[in-house]
Amino acid sequence: MAGKIPREFIDELLLRVDIVDLIDLHVPLKKAGNSFKARCPFHTEKSPSFSVNRNKQFYHCFGCGVGGNAISFLMEFSHLDFVEAIEDLARFVGIKVPREAGQYQSNKQDYSDLYLILERVAIFYVEQLRHHVQGNKAIEYLKSRGLSGEIAKQFSLGYAPDDWSILASKFDVELLINAGMVVAKDNGGRYDRFRGRLVFPIRDKRNRIIGFGGRVLDDSMPKYLNSPETAIFSKGKELYGLFELLEKQSKPERIIIVEGYMDVLALAQFGIHYSVAALGTATSKNHLDLLFRFTSEIVFCFDGDTAGQNATWKAVQESFPCLKDGRQIRIMLLPDGQDPDCLVREEGVTGFEKRLHDSQMLSDYFIEFLAQELNLATLEGQSQIISRAKPHVEKIPNGIFREKMITKLNELSDSTGLDVLSIQATIDREITSNTAAFQIKPIKPEHVVLALLIQNPEMAEIIEEFVDKWDEISFNTKNGLLAVLDGIETNQPKNTGSLLEAYRGDTEKHEWLTGLANMEVIPSDNDDFDTKEAFVGALKRVIELGKKRYINELLEKI
Ligand SMILES: [Zn+2]
C-alpha cells in the first residue's frame, strides 16, 4: 500500500547503513588516513578527490563539490527518486520499508486499483492452473519442459482458460480494460486478451504485478503474447524475473539478460537465479540502468540465431552511455540454434557456467563485430574500423573504460583517428579540474564553528557550556548557527548524514549545509588534528568578537 515513509524509519535506515560499504559496492574505495578515497564518479579526474567519511556518514568531492549522505549518493549515482533510494537502501540493509497509512501525498496519479486487479487476476489464473479442466494441459506442458511445481509457485505461473469472457464475468470490466487484460473494440465488442495460454505474471521491482505474458500450448500463433503498454506497464523499462531474482539475492554478482520467459524459468530450475528477460522488446538503456542499480556486471545471453545476434549488437550499442567506471558488460554467444533454455538442459549448470565464465568482454566483442569483413592489415581497413567505432566510443562516459577502449582501437592500427577522442577527453578533464579546483580561502571562525558542528553534531553540547546569552552576541551567521542547533536538538542526529537528511525538503538550507559539511577545516592528511580543540578555539573567538560587535552595535544605536 502506498503511504508516507515514517521519518523515524529514515533515521533508523541511515544509522544501519554504512556509507563506506554502500559506495564501495559501486565505486571501489581505498583507505586514505581517516577516510576513503576514489576517483570521483561524478566528474572525470586522474587523481582521486572523492572522499567518503565513515564517522560523518558523508561523501564529498573536492573536485566538483558534490556531497551528501547515503540517500543522496543513491539518488545521484543510480538516478533514483527519493522513495526509490530509500527502498534500495532498505534492501541493501535487509529491512522492509514501512508505510504510514492514509497519508500518501504525491502528485503522481494513484494506480493502486490497477495493481490490485492484476494481483487478483494473477491469483485467479493460478487457481485455474490447478483446478480448471484445461489447466492440466498447462501443467503437462510445464512438466514436459522440466519445470517443477516449486518454480511454478515461485513465479506464480497460471493458466488463462480458453474462454472469451471469463475475466469480465468475475472482475470490473473498465479496470480490466485499463490494465490491458480485456480488449475493447471500436464496435463495442470486448474479450479477454489471454485465452488458452500458460501465463507469466510480470512484477516490477517492488513486487507489484504490472502485466502478463502468455504462451500457447499448441502450435497456434502468436506463440507468445504480452500485455500492451498501460499506465503502469512500460516494456522498455521493466524486466521479467527481476523481482524474483532480488528475492533470492539482493546484490547479485552478475545478472544475465536472456530473451524469453522460458529461459528465465529454465535457468532458475537449474539453480541459476540471476537471469531476467526483456519483454518482447530490445534491451534498452533504461533496462541496463535499472540492472546496474543491483549489480556491477551484466551478461547478454541471447539466442544463437540471426535475431539473437542482432539483439546482442543492439544491446551493446545501448550500453555505451551506461558504462561508468566499475560497471562491466560481457557477451555470452551461444552456438547456432541454441537458446539458454536448451543449453542449460543439455550441458547442465556446470557447462552453462563455464560458458558464462568464458564469455567475451564487451570491448573484444565490439572490436570483433566492427572488424567483420575488414582487412585490418590495410590502411583502408584500419581507417574504416576507426570511423565505425568513433560514434559509439563517443557515447562512453569519460573514465577508465573509455580510455582503454581508445587505446585498444589505436593499437589495432597505425592511424591516429581516435587520438582526437583521447585528446578531447583530456581537455574535458582539465577544464573540469581547473574550474572546480578546491580553492583555499582564509576561513572565518564562525564558519569553522558551523562547519565543525555540522561535521560533528555531538559538539552541540560544547556550545551550551560556553554560551548563556545569545542575545548579547552578534555575528553574521548567528541565525544559521541557531537553526542548526535547533535541528540537532530536534532530530538528535548521530552523524552529518543524518543531520542533513532533516533538511532535504528545504533545498536552499540543504545546499548551504552540504557546503559546510564539505568544508575542509581539518587537513585530510592530518590524523593528529584535535577537532574538539579547534572547535573550542574557534567558538571562543566567535563569542569574544561577537560580544564586542554587540556592544558596538548598541553604541551606534545610542
Ligand atoms: Zn567530483
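Within the option set 58, 62, 42, being touching a Gly at 6+ places or on another chain (Cβ under 9 Å), open to solvent by 20 Å² or more (accessible area, probe 1.4 Å) and either away from the ligand (no atom under 16 Å from the Cβ) or aromatic (Phe, Trp, Tyr) (or both) holds for one residue only, 42.
In this structure, does residue 494 turn out to be within 29 Å of the chain's Cα centre (by Cα) and at pLDDT 85 or above? So residue 494 passes the test.
Return the only residue of 488, 551, 454 being over 20 Å from residue 73 (Cβ atoms), part of a helix (DSSP H, G or I) and open to solvent by less than 40 Å² (accessible area, probe 1.4 Å). Going through 488, 551, 454 in turn, the sole match is 488. State yes or no: is residue 308 in a helix (DSSP H, G or I) and in contact with a Phe, Trp or Tyr (Cβ under 6 Å, 6 or more places away or on another chain)? When the stated conditions are applied, residue 308 passes them.
Conditions tested, residue by residue: (1) more than 16 Å from the ligand (Cβ to nearest atom); (2) surrounded by fewer than 18 Cβ atoms within 10 Å (Cβ to Cβ).
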site	(1), (2)
31	yes, yes
38	no, no
52	no, no
70	yes, no
77	no, no
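Considering only residues in the range 195-213 that are open to solvent by 10 Å² or more (accessible area, probe 1.4 Å) and part of a strand (DSSP E or B), the one that is nearest to residue 133 (Cα to Cα) turns out to be 197.
Could we say that residue 84 is over 19 Å from residue 456 (Cα atoms), within 15 Å of the ligand (Cβ to nearest atom), among the acidic types (Asp, Glu) and free of Cβ contacts under 8 Å to residues at least 40 places away in the same chain here? No. Where residues in the range 1-29 are touching a Pro at 6+ places or on another chain (Cβ under 8 Å) and within 16 Å of the ligand (Cβ to nearest atom), which of them is modelled with the highest pLDDT? Only one residue fits best here, namely 27.
Which residue, of 264, 276, is open to solvent by less than 50 Å² (accessible area, probe 1.4 Å), closer than 29 Å to residue 111 by Cα and assigned to a helix (DSSP H, G or I)? Just a single option satisfies the conditions, and that option is 264. Looking only at the range 315-341, which residues are in a helix (DSSP H, G or I) and touching a residue at least 60 places away in the same chain (Cβ under 8 Å)? Scanning the range 315-341 gives 317, 320, 321, 340, 341. Just one of the listed residues (368, 346) is without any contact (Cβ under 8 Å) to a residue 24 or more places away in the chain, over 25 Å from residue 268 (Cα atoms) and either open to solvent by 70 Å² or more (accessible area, probe 1.4 Å) or assigned to a loop (DSSP other than H, G, I, E, B) (or both), and it is 368.
Within the range 11-29, restricting attention to residues that are farther than 29 Å from residue 488 by Cβ and part of a helix (DSSP H, G or I), the residue that is least open to solvent (accessible area, probe 1.4 Å) is 26.
The values are calculated or read from the model by the stated rules, or taken from the named source; none is laboratory data. Quantities reported herein were computed from a predicted structural model and do not represent experimental measurements. So basically every Cβ, Gly included, is an ideal-geometry build from the backbone, and we count neighbours across all protein chains shown. We work out accessible area using only protein heavy atoms, side chains counted, and drop any ligands, DNA or RNA first. Shrake-Rupley method; radii C 1.70, N 1.55, O 1.52, S 1.80 Å.
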